[in-house]
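A short write-up of the structure that comes next.
What follows draws every value from the coordinates through simple rules; no lab data is involved. All figures in this text were calculated on a predicted structure; none of them were measured in a lab. A quick note on method: Cβ atoms are made from the backbone with ideal geometry, for glycine too, and the neighbour counts reach across all protein chains shown.
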Amino acid sequence: MMPSAKLKAMAKGRMSELMIRVRAGGLTPEGYQALAHAVGWERRTEAQARDLIINARHSVSAWQSDDEKVLIGMGRATGIGTQYAHLADIAVLPGFQGAGVGTAIIGHLLALVDRETHIDATVTLHAAPGTDAFYGRFGFQSSGTPGLMTRNRAD
Ligand SMILES: CC(C)(COP(=O)(O)OP(=O)(O)OC[C@H]1O[C@@H](n2cnc3c(N)ncnc32)[C@H](O)[C@@H]1OP(=O)(O)O)[C@@H](O)C(=O)NCCC(=O)NCCS
């Protein structure tokens, strides 16, 4: 398993430096539900959230500190073949946004995905309105379908 990443971050409005832990796994249905609610996504039952986690090839969790008491971010990778993969459910708790947590989550997911896919594989995600620039930093480009972005490392 890939080691966890420690991230020194300064969240907006916070004076103190954060020591954030980002690692593979660790996502629970309750944690998924809480984060989804916090960022305003449609409600999912605990059973639905569990299915999303179980069916993901990879999930990544971000924590406020090593004790893993406060979940502050998540992301999943699904549908992984050698030629394709899809990233989904990337969210950071509002109070921790803008501190580099989302960047660390995507970096962790892409490192996991890139190990299993060919260099010319297409990685997709559905970008929430206004997040194209954020995903563009990782090589994703807008496709013909609104919100659908694709990333091909060979491009
Ligand atoms: C989108 C999201 C995951 C980004 O996570 P984050 O931890 O805030 O991102 P980071 O702090 O790593 O941001 C890195 C950079 O992208 C920018 N950025 C972050 N979110 C952005 C957005 N929605 N639009 C434009 N730029 C954005 C940040 O300003 C930052 O720029 P900087 O380095 O110049 O300061 C997070 O804001 C979030 O959870 N939003 C609500 C849920 C959502 O929309 N998820 C995406 C579903 S596709």
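Helix 46-55 and the long axis of the chain differ in direction by around 50°, with both axes built from C-alpha atoms. Taking 0.36 nm per residue of separation and subtracting the current Cα-Cα distance, fully stretching the chain between residue 50 and residue 82 would add 9.0 nm.
Calculated mean residue ellipticity at 222 nm for the chain: -8000 deg cm²/dmol, from DSSP H runs with n ≥ 4 weighted as -39500 (n - 2.57), summed, divided by the residue count and rounded to 500.
Remark: the range 130-142, residue by residue, has Karplus-estimated 3J(HN,Hα) of x, 9, 4, 5, 4, 6, x, 5, 9, x, 7, 10, 5 Hz, where x stands for each Gly or Pro and the curve is 6.51 cos²θ - 1.76 cosθ + 1.60 at θ = phi - 60°. Taking a point 7 Å out from the Cα of residue 153 in the direction of its Cβ, the residues of the range 116-136 whose backbone N falls within less than 20 Å of it are 116-126, 135-136.
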